[in-house]
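Below: one structure, written as structure tokens.
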């Protein structure tokens, strides 16, 4: 059975590689047994920051008008690959 692949497409001209790498590290640390790969893909379009799971879009900075929060991205991935999984502090309301 193929394991899930997350792709983080980022704008290298905007210098968003570090942000993309940090998001990748957060996902790989959280989903050690569930994810098979997190790929960092330099975008050809300026200003792009998109996250997809097995080719299906999860988050698009252009549509949202902002970057995803780590907690939010973890929840989006979890909801697709391990919906029964508790994310601990990432599932708690911050208000």
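Laboratory data are not the source of any read-out in this text; all were calculated from the coordinates shown. Keep in mind that what you see is a predicted model, and the values were worked out from it rather than measured. For neighbour counting, all protein chains shown are included, and Cβ atoms are generated from backbone atoms with ideal geometry for every residue, glycine included.
Observations on the model:
- Breaking point among (1) surrounded by 15 or more Cβ atoms within 10 Å (Cβ to Cβ); (2) over 13 Å from residue 4 (Cα atoms); (3) out of contact with any strand residue (DSSP E or B) (no Cβ under 9 Å at 6 or more places or on another chain); (4) free of Cβ contacts under 8 Å to residues at least 60 places away in the same chain, for residue 64: (1)
- Each residue in the range 1-53 was checked for being out of contact with any helix residue (DSSP H, G or I) (no Cβ under 8 Å at 6 or more places or on another chain), in a loop (DSSP other than H, G, I, E, B), touching a residue at least 24 places away in the same chain (Cβ under 8 Å) and closer than 19 Å to residue 81 by Cα, and 3 of them qualify.
- Condition met for residue 58 (crowded, with 17+ Cβ neighbours inside 10 Å, in contact with a strand residue (DSSP E or B) (Cβ under 6 Å, 6 or more places away or on another chain) and assigned to a strand (DSSP E or B)): yes
- If you go through the range 80-89 and pick out every residue that is surrounded by 12 or more Cβ atoms within 10 Å (Cβ to Cβ) and out of contact with any helix residue (DSSP H, G or I) (no Cβ under 8 Å at 6 or more places or on another chain), you end up with 3.
- Any hit, the range 82-91, residues being under 16 Å from residue 5 (Cα atoms), touching a residue at least 24 places away in the same chain (Cβ under 8 Å) and either in a helix (DSSP H, G or I) or under 10 Å from the mean Cα position of the chain (by Cα) (or both): no
- A count restricted to the range 22-41 and to residues that are in contact with a strand residue (DSSP E or B) (Cβ under 7 Å, 6 or more places away or on another chain) and either exposed (fewer than 13 other Cβ atoms within 10 Å of the Cβ) or more than 16 Å from residue 59 (Cα to Cα) (or both) stands at 5.
- Among residues that are within 9 Å of the chain's Cα centre (by Cα) and either surrounded by fewer than 17 Cβ atoms within 10 Å (Cβ to Cβ) or touching a residue at least 24 places away in the same chain (Cβ under 8 Å) (or both), residue 77 is included.
- Scanning the range 8-18 for residues that are touching a strand residue (DSSP E or B) at 6+ places or on another chain (Cβ under 7 Å) and within 16 Å of residue 62 (Cα to Cα) gives 8, 9, 10, 11, 12, 16.
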